[in-house]
Amino acid sequence: MSQDELLALPTTISVETAARAIGLGRTRAYQLARRGEFPCRVIRIGASYRVVTGDLRRLLGIEPS
């Protein structure tokens, strides 16, 4: 995923999208999210998980200019 793609993401994204950005597989990403060990903030809404895009960008060292 390019820097421009990361900057264009909405406020929250799926665990799958965040996992792709940091090079994790889907299964491992969900395992980490369930255990509260995903490398950035995850919000659980019902049965779904959403990753806070700002945290993902900070993790990757990408800040909007």
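The values are calculated or read from the model by the stated rules, or taken from the named source; none is laboratory data. The shown structure was predicted, so the numbers you read here are calculated from the model rather than taken from an experiment. With ideal geometry, Cβ positions are generated from the backbone for all residues, glycine too; neighbour counts draw on all protein chains shown. To get the accessible areas, we keep the full protein, side chains included, count just its heavy atoms, and leave off ligands, DNA and RNA. Shrake-Rupley method; radii C 1.70, N 1.55, O 1.52, S 1.80 Å.
Of all residues in the stretch 28-61, count the ones that are aliphatic (A, V, I, L, M), part of a strand (DSSP E or B) and surrounded by 15 or more Cβ atoms within 10 Å (Cβ to Cβ).
Residues meeting the conditions: 3.
Is there any pair linking a residue in the stretch 8-31 that is within 15 Å of SER48 (Cβ to Cβ) to one that is open to solvent by less than 40 Å² (accessible area, probe 1.4 Å) and part of a strand (DSSP E or B), with Cβ under 7 Å and at least six apart or on different chains, and which?
Every condition considered, the pairs that remain are THR12/VAL51; THR12/VAL52; ILE13/VAL51; VAL15/TYR49; VAL15/VAL51; ALA18/VAL51.
Taking the stretch 30-65 as the search range and keeping residues that are out of contact with any strand residue (DSSP E or B) (no Cβ under 9 Å at 6 or more places or on another chain) and small (Gly, Ala, Ser), which one is nearest to MET1 (Cα to Cα)?
Top of the filtered list is GLY61.
Can you name the residue in the stretch 3-27 that is in a loop (DSSP other than H, G, I, E, B) and open to solvent by 50 Å² or more (accessible area, probe 1.4 Å) and is also farthest from ILE62 (Cα to Cα) among such residues?
LEU24
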